[in-house]
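Notes for the one structure printed next.
The values are calculated or read from the model by the stated rules, or taken from the named source; none is laboratory data. These numbers come from a predicted model, not from an experiment. Cβ placement follows ideal geometry from the backbone for every residue including glycine, while neighbour counts extend to all protein chains displayed.
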Amino acid sequence: MALDPIELGLFASRLAAVCEEMGVRLRNAAFSTNIRDRLDFSCAVFDGQGGLCAQAAHIPVHLGSMAHAMSSIVASVDWAPGDMVVLNDPYLGGTHLPDVTLIAPLFTSGDAGPGNPGAPIAFVANRAHHADIGAATPGSMPVSRCLDEEGLVIAPTHLIRAGAPVPELLDAIVGATRDPDQARGDFLAQAGANRAGLERLGRLVETLGPGRYAAALADLNAYGERLARASLASIPDGVYDFEDWLDDDGQGTLDIPIRLRMEVSGSGVHLDFWGTAPQVPGNINCPLSVAAAAALYCFRCLMPPQTPACAGTFRPITLEAPLGSLLNARRPAAVAAGNVETSTRVVDVVLGALAQALPDRIPAASHGSMNNLAMGSSDPARPWDYYETIGGGMGAGPSGGGWSGVQTHMTNTLNTPIEVLESRYPVRVTRYALRYGSGGRGARPGGDGLVREIELLGPAQVTLLTERRRLAPWGLAGGEAGAPGSNRLNGVALPGKVSLPVQTGDRLTVETPGGGGWGPPTDGVRDPNREEQA
């Protein structure tokens, strides 16, 4: 019997609460600033075949890519009660190597039998960004040319087998890092989060019974699909083309195109990245799951808030990209920046196509980079690793100007508080401010970027993986582009993607791009959102 609307709403909320509780458990137990303070992690629940059931409002690029790749992971593993599988291989369901995923199956009490546990009824999973996964440069976000340069590659492997830990695997993983104790703490926190998820989800399944739980999932997916199709039906039928470019790949390749043909028919959408560049020598390549995460995110933004984050919601949307292209790379292409930088440009391209169909709903381009900063030292006396993403300007839209100094689109992390950064690492933050005037002018102006200046208090290695340093975030409807970003060391300009040694007293300055404006600028009209500091 189908659930009534109230029962369905409660069921969806209970599933989402499982993910939220997993996230709280992970954050509170983790050791690293990356997880505890920046919240660079995500949690989700899947069905027995790997279909997405629910996710917390964590990081779109994590969750969308997990949803796209989970079914193949589930099919490739021999599951038993008490298992926990770890992976980070981008070509086997991961994104880039620092994002490490732990997956655990849920079996019902009736499934367990001597040598015959049956099939899992569900899975819980969490993905967390580890600031060190064994790359040659601290922060494990190198300016790389192949996957092996980016750190330890982990195919789906049992970290816990039938309730028994596999200590040699965990020892090998944390042993590849500069701070094994911190890394071990983070992995144990991830395992604890999954256990919390299994406990809560198990209670829900036990309350409903396996049959009613499966029926409720079917109702939830059908509801999500109805809402999605109703939302997509508001897009006029037609074919919409758009292209945008990445600045470079860090290895000398410039102006790298991402091209999209979006076909809308009835209440379905097909995305064909037919003219996108072939994979490049640098690390801005990505697996198709990352491109899918970015594309699905854009359409999720068009749907009503109550739309559940489940597999049914995304059934009306299909996509393809040529194998061997930037968005569907072949092993062993480097992918460290593809997850963070290329995914943001995919968002720009999809929104650019949607803007042709829905000019009164779509905003201008946001700052278009996660502005990745990785740094640290391999000095055995005091090894350290640090990684962060830095916000920028949001693109303005038909109904309002862009926000300033925020994370946008594919990242949903926080900044590291200055107090935490300075107390844990040999650095000093000498400036952290809005970059006034960097947002694009328009009837509704784009948001301003940020300025973050850091003084190094000891020798270190710094790596920057940034975009929109050459090609500005575009405006819409007559609005002007936002200002490109810039990187400097002691006042000297740096490339957008670079790794270099720094010395005590050196100052690194990252100025992030502003968002594009929307609508023709209205000169002489005071804008309270764009005033200079007194």
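List of remarks:
- GLN49 being touching a Cys at 6+ places or on another chain (Cβ under 6 Å) and farther than 26 Å from ASP385 by Cα: no
- Elements of type strands (runs of 3 or more DSSP E) in the stretch 308-413, at least 3 residues being modelled with pLDDT of 95 or more, surrounded by fewer than 20 Cβ atoms within 10 Å (Cβ to Cβ) and touching a strand residue (DSSP E or B) at 6+ places or on another chain (Cβ under 9 Å): 317-320
- Unmet criterion (only one of (1) at pLDDT below 95; (2) closer than 15 Å to ALA125 by Cβ) for PHE46: (1)
- Among the criteria (1) surrounded by fewer than 20 Cβ atoms within 10 Å (Cβ to Cβ); (2) hydrophobic (A, V, I, L, M, F, W, C); (3) in contact with a Cys (Cβ under 9 Å, 6 or more places away or on another chain), the one ALA230 does not fulfil is (3).
- Pairing each residue of the stretch 225-239 that is on the phi > 0 side of the Ramachandran plot with any residue that is surrounded by 13 or more Cβ atoms within 10 Å (Cβ to Cβ) and in a helix (DSSP H, G or I), provided the two are 6+ apart or on different chains, yields C-beta distances under 8 Å for GLY238/ALA357.
- Unmet requirement for ARG36, which otherwise passes all of (1) more than 18 Å from the chain's Cα centre (by Cα); (2) free of Cβ contacts under 8 Å to residues at least 12 places away in the same chain: (1)
- Taken over the stretch 182-199, the criterion of being farther than 23 Å from ALA131 by Cα and surrounded by fewer than 19 Cβ atoms within 10 Å (Cβ to Cβ) is satisfied by ARG195, GLU199.
- When LEU302, LEU327 are checked against the criterion of being of a type in the set (A, V, I, L, M), under 16 Å from ALA353 (Cα atoms) and under 20 Å from the mean Cα position of the chain (by Cα), a single residue qualifies: LEU302.
- Tally of residues being β-branched (Val, Ile, Thr) and surrounded by 17 or more Cβ atoms within 10 Å (Cβ to Cβ) across the stretch 200-227: 1
- Beta carbons closer than 6 Å, at least 6 apart along the sequence or on distinct chains, pair a first residue in the stretch 21-33 that is within 15 Å of VAL100 (Cβ to Cβ) with a second that is acidic (Asp, Glu) and buried (at least 23 other Cβ atoms within 10 Å of the Cβ) for ALA30/ASP186; PHE31/ASP186; SER32/ASP186.
- Which listed residue is assigned to a loop (DSSP other than H, G, I, E, B), touching a residue at least 24 places away in the same chain (Cβ under 8 Å) and not small (Gly, Ala, Ser), from ILE284, ILE258: ILE284
- Meets criteria (out of contact with any Phe, Trp or Tyr (no Cβ under 6 Å at 6 or more places or on another chain) and over 21 Å from PHE46 (Cβ atoms)) for ASP181: yes
- Looking only at residues of the stretch 464-513 that are surrounded by fewer than 24 Cβ atoms within 10 Å (Cβ to Cβ) and of a type in the set (S, T, N, Q), we find that the one that is nearest to ASP255 (Cα to Cα) is SER486.
- Residue that is surrounded by the most Cβ atoms within 10 Å (Cβ to Cβ), among those in the stretch 125-181 that are β-branched (Val, Ile, Thr) and closer than 25 Å to THR33 by Cβ: ILE133
- Those helices (runs of 4 or more DSSP H) lying entirely in the stretch 1-77 with at least 1 residues among the basic types (Lys, Arg) and touching a Lys or Arg at 6+ places or on another chain (Cβ under 7 Å): 5-29, 33-36
- The criterion of being touching a Ser or Thr at 6+ places or on another chain (Cβ under 9 Å), within 30 Å of LEU500 (Cα to Cα) and in the same structural domain as PRO459 (by TED's automatic domain parsing) does not hold for GLU422.
- Residues in the stretch 233-242 that are among the hydrophobic types (A, V, I, L, M, F, W, C) and part of a strand (DSSP E or B) were compared, and the one that is surrounded by the most Cβ atoms within 10 Å (Cβ to Cβ) is PHE242.
- Considering residues of the stretch 113-151 that are over 20 Å from THR463 (Cβ atoms), in contact with a Pro (Cβ under 8 Å, 6 or more places away or on another chain) and outside any strand (DSSP E or B) only, the residue modelled with the lowest pLDDT: PRO117
- The residue that is surrounded by the fewest Cβ atoms within 10 Å (Cβ to Cβ), counting only those in the stretch 243-269 that are hydroxyl-bearing (Ser, Thr, Tyr) and out of contact with any helix residue (DSSP H, G or I) (no Cβ under 8 Å at 6 or more places or on another chain), is SER265.
- Matching option when the condition is charged (D, E, K, R), at pLDDT 95 or above and under 22 Å from ASP360 (Cβ atoms), among GLU263, GLU225: GLU263
- Restricting the stretch 72-94 to residues that are modelled with pLDDT under 90 and touching a strand residue (DSSP E or B) at 6+ places or on another chain (Cβ under 9 Å), the residue that is nearest to ARG127 (Cα to Cα): GLY94
- Inspection of the stretch 169-180 finds a residue satisfying the criterion of being in a helix (DSSP H, G or I), farther than 28 Å from ALA54 by Cβ, touching a residue at least 24 places away in the same chain (Cβ under 8 Å) and out of contact with any helix residue (DSSP H, G or I) (no Cβ under 8 Å at 6 or more places or on another chain).
- The residues in the stretch 506-533 that are modelled with pLDDT of 95 or more and more than 15 Å from GLY439 (Cα to Cα) can be counted, and the count is 5.
- When ALA483 is tested against (1) farther than 22 Å from ALA336 by Cβ; (2) more than 25 Å from the chain's Cα centre (by Cα), only condition (2) is not met.
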